[in-house]
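The block underneath contains the structure these notes are about, expressed in structure tokens.
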Amino acid sequence: MASEITSPKQAPSVATEPAVEWLPPELWPGFDELVTEDDTPVDNLFSEKQQRLLTGTLYSAHWTDRSFVAMANVGLFYASGVPPAVPDMLLSLDVEAPDDMWPKQNRSYFVAKYGKVPEVVIEVVSNREGGEDTTKPGVYAGIGVSHYVIFDPDRSLGAEVLRLHRLDHGRYVPTARGWLSQVGLGLALWEGSFE
């Protein structure tokens, strides 16, 4: 029997489409009014290295001919009037980062601007307070992120260090160890020196 990760307050009961409707450009929010950076340090040194390892590997590996963005600790704005999610890492295929990243509307991942949600979100657990296995899965499932990964190196949330999930009818269910089918990538634990 497959277990499910959901948040009873935030996950849709059963849905085949994302719960959020995307806005046409004329209805996009006023970017100048949004808080895209709050200058509050939210992660530790270990998490920061993990984030760079994940994104850097994708950019240096030449693993696909498709365009993509891999971002770490960047706001994922998915609905107007709702605070963004801030995954430790996200991967979105068939999109391109803007050439000029300085304008405010280019500094975060705005679903309305990119036209789609990311395919993969990864959370790195550093304590039991982040909601990685309670509230966050409900948010990501509700907007239609295909793959949700929890990396729990200290086993703060359970026995498994790496848990991969795929979206199935609006809920996350465990997936085969290491394989993100929609993306065509594998994800595995690695021990070695980085930097």
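At a glance:
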{"read-out": "Chain lengthening between Leu189 and Glu160 when straightened (0.36 nm per residue, less Cα-Cα)", "value": "9.3 nm"}
{"read-out": "Cα gyration tensor shape of the stretch 129-195, rounded if a/c is under 1.5, else prolate or oblate by comparing a/b with b/c", "value": "oblate"}
{"read-out": "Part-to-part distance (alpha-carbon centres) for the stretch 102-127 and the stretch 136-195, which is given in Å", "value": "17"}
{"read-out": "Gain upon complete extension [Phe46, Gln182; 0.36 nm per residue less C-alpha separation]", "value": "46.1 nm"}
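Readers should treat all values here as calculations from the given coordinates under stated rules, not as data from a laboratory. None of the values given here were measured: they were computed from a predicted structure.
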